[in-house]
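To start, the structure itself, in structure tokens.
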Amino acid sequence: MIRNTRALTASCFISMFFIGVGTTIIGAAARNIGLTPYQIGLLMAVQNLGFMISVIASGALSDSSDKTKILFTGSAVLASAFFTFYLWKLFSINLIVMFFIGVGMGTYEGVTDAMLLDIHDRRESLFINVNHFFVTFGSLMITLYLLFLQMNWRRSSTQSGVVVALLALFFLLARLDPGGGGSENLSARLRFLIRERAVGILFAATICAVGVELGTVGIMTTYLMELRGFTQVTSKVALIVFLSGVASGRLLIGFFSRKDQLPFFVILLFCSAAVFLSLFFFTNLGIYTYILVYFTGMTISALLPLIITLAGLMYKEYSGTVIGIIKFAIPIGGILVPFIFSQVSRYASFRAALPLFPLFAAVGFIILVSGWRNFGEFILQNAVEGSRGT
């Protein structure tokens, strides 16, 4: 049996890499497959449905079951889905395959952060930020692999399946003791956590954080080309610069953030994101836009990982369940904010919809500031523990 903590940590990072692959593969390969916009939207919706079901179920199960067994199951499902994705041309079959890609991704999202909290009792925010860095890294790599290197998309899907199958074998041989939430059944844990005001605050903040990040990614090239005179090439360069800011921000902020500072860091980042998004959408800095784009990515970068870390540490006995609840907000934010943007763009104008992104960042800031006292005990307890450690 494998119990090496370094190997288990690396396996979490590799798992999150394939969330990035699974999230991006439709957009990257859509033209090669010959998908219509309607089919793309339907595939992504079904993927999100599988993700939503899986993330909360796997997270809750991880508090009372061996996390590696859950990850083995999720890896086996995801590997099978990668192997069979568009192996047949029938769209209905591929809808089912895409659902199971979402299930596998949701298992990774629901369990790996909780596993890292079990493995590491120091620098938790760094490890979770690095974990989510690999999602961005996976998105960048599959895009480069398919578009810039002109590789066959079916081959990339099969190769992804092979690596995930090897990951499944690793999890089959690995063991990690269950978390401490096994003393209470799932319904009792859910009832307790849902009644906690801090969980509701972090859930709402997650919707804002995810909506702002995914929405900005989705409209950035269009905005730069339509309103700032960028070309196809320069707008894509700006998007890569933004994603680089997200990736580097997750590493840098994770390195410097301490347990007792987590609520403050999240509030500061929401405030900074509102400011930088406002500057990005309402000023024209010409060539210096690239610098602004990079720092905008940095301000958004660590919001989700730090919220997840904060939730897991505040309710460490039920870390898997609470992380599953928080991550249930990811697809909600990914759907809600872009949908509102699309409706405002349709009935008003594209320019009129742009303030929604700094507005949602400001809403996240207000939500956390208004609920600040719910984090007071956590801040005090970890500040005392930190002073004892020094």
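The figures follow:
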| read-out | value |
| --- | --- |
| Qualifying residue in region 198-220 (condition: touching a strand residue (DSSP E or B) at 6+ places or on another chain (Cβ under 8 Å) and farther than 25 Å from Ile308 by Cα) | no |
| Qualifying position, being buried (at least 22 other Cβ atoms within 10 Å of the Cβ) and touching a strand residue (DSSP E or B) at 6+ places or on another chain (Cβ under 6 Å), among Thr107, Thr68 | Thr68 |
| Among the residues listed as Phe282, Phe270, the single one being under 23 Å from the mean Cα position of the chain (by Cα) and not hydroxyl-bearing (Ser, Thr, Tyr) | Phe270 |
| Close pairs (9 angstrom Cβ cut-off, 6 or more residues apart or separate chains): free of Cβ contacts under 8 Å to residues at least 60 places away in the same chain and in the same structural domain as Ala273 (by TED's automatic domain parsing) in region 351-373, part of a helix (DSSP H, G or I) and surrounded by fewer than 19 Cβ atoms within 10 Å (Cβ to Cβ) anywhere | Ala352/Val344; Ala352/Ser345; Ala353/Ile340; Ala353/Ser342; Ala353/Gln343; Ala353/Val344; Ala353/Ser345; Ala353/Arg346 |
| Condition check for Ala188: modelled with pLDDT under 90, surrounded by fewer than 17 Cβ atoms within 10 Å (Cβ to Cβ) and not hydroxyl-bearing (Ser, Thr, Tyr) | yes |
| Residue match in region 294-317 (condition: polar (S, T, N, Q), touching an Asp or Glu at 6+ places or on another chain (Cβ under 7 Å) and closer than 16 Å to Glu124 by Cβ) | yes |
| Exclusive hit being assigned by TED's automatic domain parsing to the domain that holds Thr73, more than 24 Å from the chain's Cα centre (by Cα) and modelled with pLDDT of 80 or more, set Leu149, Leu167, Leu126, Leu173 | Leu173 |
| Condition check for Ser235: over 14 Å from Ile300 (Cα atoms), small (Gly, Ala, Ser) and buried (at least 21 other Cβ atoms within 10 Å of the Cβ) | no |
| Matching residues in region 32-56 - criterion: being buried (at least 18 other Cβ atoms within 10 Å of the Cβ) and either within 13 Å of Gly104 (Cβ to Cβ) or among the small types (Gly, Ala, Ser) (or both) | Gln47, Gly50, Phe51, Ser54, Val55 |
| Hits in region 135-146 (condition: out of contact with any Gly (no Cβ under 7 Å at 6 or more places or on another chain) and modelled with pLDDT of 85 or more) | none |
| Check on Leu227, free of Cβ contacts under 8 Å to residues at least 40 places away in the same chain, surrounded by fewer than 17 Cβ atoms within 10 Å (Cβ to Cβ) and over 21 Å from Ser139 (Cβ atoms) | no |
| Hits in region 248-292 (condition: more than 27 Å from Glu124 (Cβ to Cβ), in contact (Cβ under 8 Å) with a residue 60 or more places away in the chain and buried (at least 19 other Cβ atoms within 10 Å of the Cβ)) | Leu277, Phe281, Thr289 |
| Number of the exception - Leu87 against (1) under 23 Å from Ile325 (Cα atoms); (2) surrounded by fewer than 24 Cβ atoms within 10 Å (Cβ to Cβ); (3) not small (Gly, Ala, Ser) | (1) |
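The values are calculated or read from the model by the stated rules, or taken from the named source; none is laboratory data. Just so it is clear, the model here is predicted, and its values are computed rather than measured. Glycine gets a Cβ as well: all are built from the backbone with ideal geometry, and neighbour counts include every protein chain shown.
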